[in-house]
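Worksheet: one structure, shown below.
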Amino acid sequence: MLSDIEIADAADLQPIVPLAQERLGIEPEALSPYGHTKAKVSLPYIRGLADRSDGTLILVTAISPTPAGEGKTTTSVGLADGLSRLGKNAMVALREPSLGPVFGMKGGAAGGGYAQVVPMTDINLHFTGDFAAIALATNLLAALIDNHVHHGNALEIDPRTVSWKRVVDLNDRALRDIVVGLGGVANGFPREDGFDIVVASEVMAIFCLAESIADLKKRLGDIVIGYNRSKQPVTARDLNAHGAMTVLLRDAFAPNLVQTLEHTPAMIHGGPFANIAHGCNSVVATRTALKLADYVVTEAGFGADLGAEKFIDIKCRASGLRPSAVVVVATVRALKYHGGVPLADLQQENVDAIAAGMANLRRHIRNVRDVYGLPMVVAVNRFPSDTDLEMKTVVDLVAEEGAVAVPATHFADGGAGAEALATAVLETIEATTEDKFSFVYPDEMPLADKAEAVATWVYGAGHVSWDAKARRRLERIEADGYGHLPICVAKTQYSFSTDPAALGAPTGHTVNVREVRLAAGAGFVVLVTGDVMTMPGLPKVPASDHIDIDDEGRIVGLS
């Protein structure tokens, strides 16, 4: 089989302007093309869609990820293509990939095989410049903070409390903790600082949760950058930074329109990580897609304990969006890995390991159905090494949980391989007569209790512990009036616990919070656990080692 980039390069893409007009009814003047195959949809046009009724939202999530790969984005694309093949007016709404994993460990994030969004290389490399604009807005605020203190510090900012970090969209561990302002008086004042990756920044979260330019500007103004010498919060609005930051984000805020290999329209916009941020594409893109299509497939990052929980408790809480069904992606290989099989042995048939690894999938099923209150289907993304007996074992074990599992071969067969999955999702939606949707916790619950709720109900933990500094920070945030905000837990994606090696479905473990960050503009409080870093490092052999370009400008090694 051809590689992902070979398939993408050989694709017969339709020009985006006529595709948008034919499939979605978008007139050419409502688009700002970036070349022939991608475009931004204008914000005035989007405002004009307000009176249209919404389509049906379908959320794709997954079991806890493994090194074997689960194919969540691939399944999202395949499902949208499958719905289109069934004659439905469907779209897919996804996140933009970060260059950190593209050049680091994970690779690209445009799907795979014959279930991809295209142009794949453009989407994975810079795309329409959205992330560059987010980085600039973030770094402008950082520069204005240092500049304000340098020129007299009228706000009496205490430099020791400045928590706003600069960002870059690459993995670079050397930038996690740095000192700025060295070199004498002309260069400002020395202080400890650091970098986050763009997708972990508060501006990224704000960008993805804002409903309009006005809301974007307000949220940017609400950012708390530190405290003054009277121990009162200092905001970006106090620095008069929010207007200029919004200007930098104006064009980026319009969602991006592309297509799948089978020409299903796709919105790709925003991209916060799910292990260190809230893991969902932008509200404006999701809402626009719902106005343009009858069925919209979107995804939340990593497993249903991270991305789906944050989709529910942060994105849905802030926007009022509600999914009508959830698809939990699983693979035979991942179940065997959670059942204790080493990575090198996953191609060997092993139904006993599948039964053992089912503990992980079982908890995700129960969380989606019983904690979030949403109807769900399991998509079993089939790999060539999976045997018929293994596939039947997964289907039967899921059936014992009162759920439906549907094998899918969209990676090799495109939308045709996801038609059965699409049919099952439609049947699940049609059979749902009662709305049981639920947040994990109410707004008025204290922040510490919100953490206990997520840890015990979703992660299966025994309790939450707090480093002394984190506990003090939590108390300060509540005293400043932010206790009503939802929480965003920064946690390893590989386990329900904070230990990435604890596979399956551990219970009774302790979730230790070592750091607390206020994201007042985004509207949540970040709880950092375990060894999670908001600036990742590169692996020993990064993906960049295999990425190159030939004399004709063709890129190779991107996946």
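The values are calculated or read from the model by the stated rules, or taken from the named source; none is laboratory data. Being a predicted model, the structure only gives us computed values, none of them experimental. Here Cβ is always computed from backbone atoms with ideal geometry, including for glycine, and neighbour counts include all displayed protein chains. Surface accessibility is based on the protein's heavy atoms, side chains included, excluding ligands, DNA and RNA. Shrake-Rupley method; radii C 1.70, N 1.55, O 1.52, S 1.80 Å.
Here are the numbers:
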{"quantity": "Order by protection proxy (mean Cβ within 10 Å, highest first), peptides 432-438, 444-450, 136-142", "calculated": "136-142, 444-450, 432-438"}
{"quantity": "Beta bridge orientation in the chain: antiparallel %, DSSP, nearest 5", "calculated": "45 percent"}
{"quantity": "Amide hydrogen neighbours beyond the local backbone of Tyr227, cut-off 5 Å, H modeled", "calculated": "Asp158, Thr161, Val162, Val234"}
{"quantity": "³J(HN,Hα) computed for each position of the range 296-313 - Karplus, 6.51 cos²θ - 1.76 cosθ + 1.60, integer Hz, glycine/proline x", "calculated": "10, 9, 10, 10, 10, x, 6, x, 5, 7, 10, x, 5, 4, 6, 4, 6, 7"}
{"quantity": "Value of Rg to Rh for the range 1-95 (Rh from inverse mean 1/r over Cα pairs, i.e. Kirkwood)", "calculated": "1.01"}
{"quantity": "Relative contact order (percent, whole number), the chain, Cα cutoff 8 Å, 6+ residue spacing", "calculated": "21 percent"}
{"quantity": "Under 20 Å from the Cα of Lys310 - lysines, other chains or at least 8 residues apart", "calculated": "Lys72, Lys436, Lys450, Lys491"}
{"quantity": "Helical contribution to [θ] at 222 nm, DSSP H n ≥ 4, -39,500 (n - 2.57), averaged over the chain, rounded to 500", "calculated": "-9000 deg cm²/dmol"}
{"quantity": "Calculated Rg and Dmax of the range 326-453 using C-alpha coordinates, Å", "calculated": "16.6, 50"}
{"quantity": "Axial C-alpha extent at least 20 Å, average Kyte-Doolittle at least -1.0 - helices from the chain (DSSP)", "calculated": "130-150, 351-366"}
{"quantity": "Under 5 Å, built H, 5+ apart or other chain: amide partners of Val378", "calculated": "Val328, Val404, Ala405, Val406"}
{"quantity": "C-alpha center-to-center spacing [the range 493-559, the range 1-69] in angstrom", "calculated": "26 Å"}
{"quantity": "Total formal charge among the other residues, if their Cβ is under 12 angstrom from that of Pro500, Lys/Arg +1 and Asp/Glu -1", "calculated": "-1"}
{"quantity": "Solvent exposure of the chain as accessible area per residue, Å², 1.4 Å probe", "calculated": "38 Å²"}
{"quantity": "Portion, in percent, of the accessible area of the chain that falls on carbon or sulfur, probe 1.4 Å", "calculated": "52 percent"}
{"quantity": "Under-5 Å amide H pairs with Phe524, H placed in peptide plane, nonlocal only", "calculated": "Ala519"}
{"quantity": "Charge tally in the Cβ shell below 13 Å around Gly530, where Lys, Arg are +1 and Asp, Glu are -1, Gly530 excluded", "calculated": "-2"}
{"quantity": "Cα pair distances in the chain, grouped into 20 Å bins until the bin that holds the longest one, percent each", "calculated": "22, 57, 20, 1"}
